[in-house]
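The values are calculated or read from the model by the stated rules, or taken from the named source; none is laboratory data. Worth saying up front: this structure is predicted, and the values here are computed from it rather than measured. Backbone-built Cβ (ideal geometry, glycine too); neighbour counts: all protein chains shown.
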Amino acid sequence: MYRVLLPVDRNESRARAQVEAVLDLPVTASALTVDVVHVHKDVSTTDAEWAAGGSFSETFAEEMAEEVRNIDRIPSSVETAVDLLESSNLEFVVHERSGEPAKEILELAAELDSNAIVLGVSRRSPVGKVLFGSVVQAVIIDSDRPVTVVPEHVSES
């Protein structure tokens, strides 16, 4: 079994390009598992008990927990990846993590014993190609497994 970790951010074009790169792998569908992951950056808030003290902190914490549940947690880019994977008949699982994206991606790759990571990047100018985004760069540098970097699709006008 060949296991690929597919970290998807909020960009649908990159998600589509990442899935297409996975579909082009020279592995039969029955021998491939894809783990789609979206990492939410940590949201820090003021310590309610410190700010107001007393029972207000409990009410505030309950209201904040409800607000977090109401936030659109899974972006449409993940839905795009899932739709493409479903139509390809590949086995896949969707994961959701919270924290620093590069760290969470690398930890999940280790936990799942992924064989490879497929990351999407923005198209850049010739000078911009020298540097990747900070998450992509950190994953490439710190990963102990192969990382494939895929440029996003650009619509032609």
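A few comments on the model shown:
- Selection over region 89-117 of residues that are closer than 15 Å to residue 19 by Cβ and touching a strand residue (DSSP E or B) at 6+ places or on another chain (Cβ under 9 Å) gives a count of 7.
Yes/no matrix, rows are residues, columns are (1) closer than 19 Å to residue 95 by Cα; (2) at pLDDT below 95; (3) part of a strand (DSSP E or B):
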position: 3; (1), (2), (3): yes, no, yes
position: 10; (1), (2), (3): yes, yes, no
position: 18; (1), (2), (3): yes, no, no
position: 30; (1), (2), (3): no, yes, no
position: 35; (1), (2), (3): yes, no, yes
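- Residue in region 88-103 that is outside any helix (DSSP H, G or I), modelled with pLDDT under 95 and small (Gly, Ala, Ser) present: yes
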